[in-house]
Amino acid sequence: AWPINQVWPGYQRPLDQTELASFSYFDCSGKVRVELESVVEFSSVHIRPLSYGIVPEVEGNTIRFEMPGPGHVVVELDDYHNAFHLFASPLETEKPDPDDPKVHYFGPGIHKAGIISLKSNETVYIEGGASVHGLIEARDASNIRIAGRGILDASQIGRFEGPYMISLHNCDDAKVDGIILRDPHKWTLVPDRCRDVEISNVKLIGLWRYNTDGIDIVNSQDVLIRDCFIRAFDDNIVLKGLMRRDDTVKGPDVKNIRVQNCVLWNDWGKPLKIGTETKADSITRIFIEDCDIVHFVHYAMDFFNGARAVISHVTFNDIRIEEPITEKASIAETIYD
């Protein structure tokens, strides 16, 4: 509700600067007929991304439309303040064995998991209907999987009470697929010094707290991000180069990063960004294509070279940019002035 990204000693952004955002999810393999009934009166409906070409039928407070298949849409009643997020995933083809000792399996229900440590050759599986309150961390691991259709929820975790929501450090061959990430306490999904990472069909929502970026690719190589939905207050997808806090160990280059077919909504920061931290020799071979930016404030795509990296061979192709949130931009300028 307010475009202020603040943190002061003792508190984060207060709840009264936010507004509720609802979502639902299901799986499908082809065309789906959707019917929604609103509990509030409205005069107009927009379904984004507009590139999907979905024209709803409206009868009283009932909204009907057809989705062509798996994909992620936002149904806005009158304006972006009244938004319903609908996540349609492809049907699951592989589910792990719940009794496999290498699988952290969470079935339907509410789970208080704390910090889940993921080792080499292990899987975290969150089944549809499950809500897991906790974080996932993997260090120096290979062949790891985080998958499912359920929700990983960090709403009960304070900013300094653990690692990033999904923290992958120095990992090889990592996949994150299908789950919903809700209300992170700081950066949400972070491959740091990783190689061969695939992030697919992941939905990020409720990123309202201070500094809750969506996906931060830090000093990593050979990363694919595809078919994701991210609504974030701070940056959505951002590429960074970092050094150790004492600045004595240089981070690896950021290279071979591909972002495809993602739907992005940004309420304060940047939807697609390189920087601000660029403490690597190079950030190169970056391909961002076939994405929809449904809302943004100030800038849709941004280079912010705050250090020494040589940034080269960056391609933006077929990026469909929709509505800037000018109301919030003007409010922010007034407040900061």
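The values are calculated or read from the model by the stated rules, or taken from the named source; none is laboratory data. The shown structure was predicted, so the numbers you read here are calculated from the model rather than taken from an experiment. Please note: Cβ atoms are built from the backbone with ideal geometry, for glycine as well, and neighbour counts cover all protein chains shown. Keep in mind that these areas ignore ligands, DNA and RNA; they rest on the heavy atoms of the full protein, side chains included. Shrake-Rupley method; radii C 1.70, N 1.55, O 1.52, S 1.80 Å.
At a glance:
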quantity	calculated
Qualifying residue in region 111-124 (condition: under 19 Å from Gly30 (Cβ atoms), under 23 Å from the mean Cα position of the chain (by Cα) and either hydrophobic (A, V, I, L, M, F, W, C) or assigned to a loop (DSSP other than H, G, I, E, B) (or both))	no
Top-ranked residue in region 2-44 [being open to solvent by less than 40 Å² (accessible area, probe 1.4 Å) and touching a helix residue (DSSP H, G or I) at 6+ places or on another chain (Cβ under 9 Å); ranked as modelled with the lowest pLDDT]	Pro3
Count of region 137-167 residues which are closer than 26 Å to Gly251 by Cβ, within 15 Å of the chain's Cα centre (by Cα) and assigned to a strand (DSSP E or B)	3
Selected residue [under 15 Å from Ile179 (Cα atoms) and touching a residue at least 12 places away in the same chain (Cβ under 8 Å)] from Ser89, Ser43, Ser155	Ser89
Yes/no for Lys102 being among the charged types (D, E, K, R), in contact (Cβ under 8 Å) with a residue 12 or more places away in the chain and exposed (fewer than 12 other Cβ atoms within 10 Å of the Cβ)	no
Options Ile110, Ile146; residue that is buried (at least 16 other Cβ atoms within 10 Å of the Cβ) and not aromatic (Phe, Trp, Tyr)	Ile146
Residues (touching a strand residue (DSSP E or B) at 6+ places or on another chain (Cβ under 8 Å), open to solvent by 10 Å² or more (accessible area, probe 1.4 Å) and within 19 Å of Phe233 (Cα to Cα)) located in region 73-85	Tyr80, Asn82, Ala83, Phe84
Number of positions in region 173-216 that are more than 23 Å from Arg149 (Cα to Cα) and in contact with a strand residue (DSSP E or B) (Cβ under 7 Å, 6 or more places away or on another chain)	4
Residues of region 169-185 that turn out to be assigned to a loop (DSSP other than H, G, I, E, B), buried (at least 24 other Cβ atoms within 10 Å of the Cβ) and without any contact (Cβ under 8 Å) to a residue 40 or more places away in the chain, as a count	2
Test: residue in region 45-55 that is of a type in the set (A, V, I, L, M), outside any strand (DSSP E or B), open to solvent by 40 Å² or more (accessible area, probe 1.4 Å) and over 21 Å from Thr326 (Cα atoms)	yes
Test result for Arg231, in contact (Cβ under 8 Å) with a residue 12 or more places away in the chain and either outside any loop (DSSP other than H, G, I, E, B) or open to solvent by less than 10 Å² (accessible area, probe 1.4 Å) (or both)	yes
Output for region 86-99, where each listed residue is part of a strand (DSSP E or B) and open to solvent by 20 Å² or more (accessible area, probe 1.4 Å)	Pro90
Scan of region 270-301 for residues that are surrounded by fewer than 17 Cβ atoms within 10 Å (Cβ to Cβ) and either of a type in the set (S, T, N, Q) or in a strand (DSSP E or B) (or both), ordered by number	Thr276, Phe287, Glu289, Asp290
The listed residue being surrounded by fewer than 24 Cβ atoms within 10 Å (Cβ to Cβ), within 19 Å of Arg285 (Cβ to Cβ) and not charged (D, E, K, R), out of Val223, Val238	Val223
Meets criteria (over 26 Å from the mean Cα position of the chain (by Cα), modelled with pLDDT of 95 or more and of a type outside the set (S, T, N, Q)) for Glu76	no
Counted residues, region 151-168 - those being open to solvent by less than 40 Å² (accessible area, probe 1.4 Å) and either more than 18 Å from Ile230 (Cβ to Cβ) or of a type outside the set (Gly, Ala, Ser) (or both)	10
